[in-house]
Amino acid sequence: MTRNEPVTTVALLTSGGIAPCLSSAVGGLIEQYTAVAPEVRIIGYLDGYAGLLAGRSVEVDDEVRAHASRLHRFGGSPLGNSRVKLTNAEDAARRGLVREGEDPLRVAADQLAADGVDVLHTIGGDDTSTTAADLARYLQEAGRSMTVVGLPKTIDNDIVPVRQSLGAWTAAEEGARFARNIIGEHSSNPRMLLVHEVMGRHNGWLTAETARRYRSWLAEQDFVPGIGNDPRRWDVHGVYLPELPVDIEGEGRRLRAVMDETGCVNVFLAEGAGVEDVVARMEATGEEVPRDPFGHVQLDAIDPGEYVAAELAAAVGAEKSKVFKSGYFARSAPANREDLELIRRCTDLAVETALAGGSGLVGQDEERGDELRAIELDRVAGGGSFDAGQDWFTALLQEIGQA
């Protein structure tokens, strides 16, 4: 598609949870615009869609452009984030983001028009992208011309149909690094159950990849078994994903034997793996299940990791159990080499797409042979499942004795 009018102003916003790509993606977009279209004005909305609704933005001046490369060294987002659904008017009004009775989509559209924005770059997960699609649809129906080009951010790597979301590789690597230290806690008590809870809702991929990277590190270490520095005590003994049912009774029998032999049990648990059981228990007792503006269960409020840990602790006869959560450590890290390379490819294409008048979510399209392209926004969805039947993951489970 060819743009009829030249691009004069682009806006950037980061939204949703933090991931190890936000700062780098912002830096990459600024660098690329400065290189290929230095005349284009760039602004950044502060705190995601909340800042857009409030008209809070920062101008990307010459000094920021000159030093944008420094952003690749940092985690977090220089612009700030929030979780806002523009089609949830009630929630937006309750939070004071719009006045009672106002349509957040219209407020956002009016602000974009007031700021003269021709292109909006969103950097976020599936909720951010679907909200961008809602906004793009509203603008089109209102007869307003604006391009929306997103970048896929999520540590869960669960955006459909994106093969690899930005930040997910780093999150897995950092989660494995976190595990190197906390698994040493197996020696803090006899019959110790250690649960490494990996943050995320649909995070089967992240949990599996974190376990794989940890065990790759483990395979490179030299041990002194004669004094108790035994690789079996440092290994992962169970990996539990949302895509696979957790058989507490069966795993309890298997892991009790591990506990009897090694004196400890170490498991990697996806935060989303125990959600259905916890929600069912809460609903059965009449408790209110806390949900976010998008209708998702608030995982940190219901704490499924503690629920699964308590069930496993009883099953394996643990004297002590402890849940360690790597999520905030992993998601706030700066992007690693793998992610930096993918971010660069995506930001370059995002700028090219925007200047040509195209819209979409820039990523590797699984349904188009993993081609890096601007994926149509109406095809984007969340909750993608990890294929637990892949050879490498099946081999991992076999190696640790998990059926």
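General remarks:
- Translational diffusion coefficient (Stokes-Einstein; Kirkwood radius from C-alpha pairs) of segment 105-214 at 4 °C, 1.567 mPa s, in µm²/s: 78
- Degrees between helix 391-400 axis and first principal axis of the chain (Cα, 0 to 90, nearest 10): 30
- Extreme residue, positive dipole direction of the chain, given options Val107, Leu166, Met192 (C-beta unit charges): Met192
- With an a/c value of 1.5 or above and a/b not larger than b/c for the gyration tensor axes a ≥ b ≥ c computed over the alpha-carbon atoms, segment 1-157 is described as oblate.
- Crossing angle, helix 104-114 versus the chain [Cα axis fit, 0-90 degrees, rounded to tens]: 50
- Accessible-area composition of the chain, carbon plus sulfur, in percent [1.4 Å probe]: 46
- For the chain, a Kirkwood radius taken over Cα pairs fed into Stokes-Einstein (20 °C, viscosity 1.002 mPa s) yields D = 96 µm²/s.
- Rg/Rh ratio calculated on Cα atoms of segment 75-167 (Kirkwood radius): 0.98
- Calculated P(r) of segment 10-49 - Cα pairs past 15 Å, %: 42
- By the rule of a C-alpha distance below 16 Å, with chain neighbours fewer than 8 residues away ignored, the aspartates and glutamates paired with Lys322 are Glu185, Glu197, Glu271, Asp303, Glu306, Glu311.
- Highest-first packing order for the peptide set 315-324, 260-269, 135-144 is 260-269, 315-324, 135-144, based on the mean count of other beta carbon atoms within 10 Å.
- Counting DSSP beta bridges with both ends in the chain, the antiparallel % (nearest 5): 25
- Solvent-accessible area per residue, Å², over the chain with all protein chains present [probe radius 1.4 Å]: 43
- Residue among Leu120, Leu218, Leu241 with the largest mean-square fluctuation in a Gaussian network model of the chain, springs linking Cα atoms under 10 Å: Leu218
- Per residue, the average separation of C-alpha pairs within less than 8 Å and at least 6 apart gives the chain a relative contact order of 23 percent.
- Most mobile listed residue (His67, His202, His121) in the chain, GNM with C-alpha springs under 10 Å: His67
- Nearest 10 degrees, 0 to 90: helix 168-182 Cα axis against the chain principal axis: 30
- Euclidean distance between Cα centres, segment 85-113 to segment 332-372, Å: 29
- Ratio Rg/Rh, restricted to segment 324-395 and using Cα atoms, in which Rh is the Kirkwood radius: 1.05
The values are calculated or read from the model by the stated rules, or taken from the named source; none is laboratory data. These figures come from a predicted structure and were not determined experimentally. Using ideal geometry, Cβ is built from the backbone for each residue, glycine included, and neighbour counts are taken over all protein chains shown. These accessible areas exclude ligands, DNA and RNA; they are computed on the full protein's heavy atoms, side chains included. Shrake-Rupley method; radii C 1.70, N 1.55, O 1.52, S 1.80 Å.
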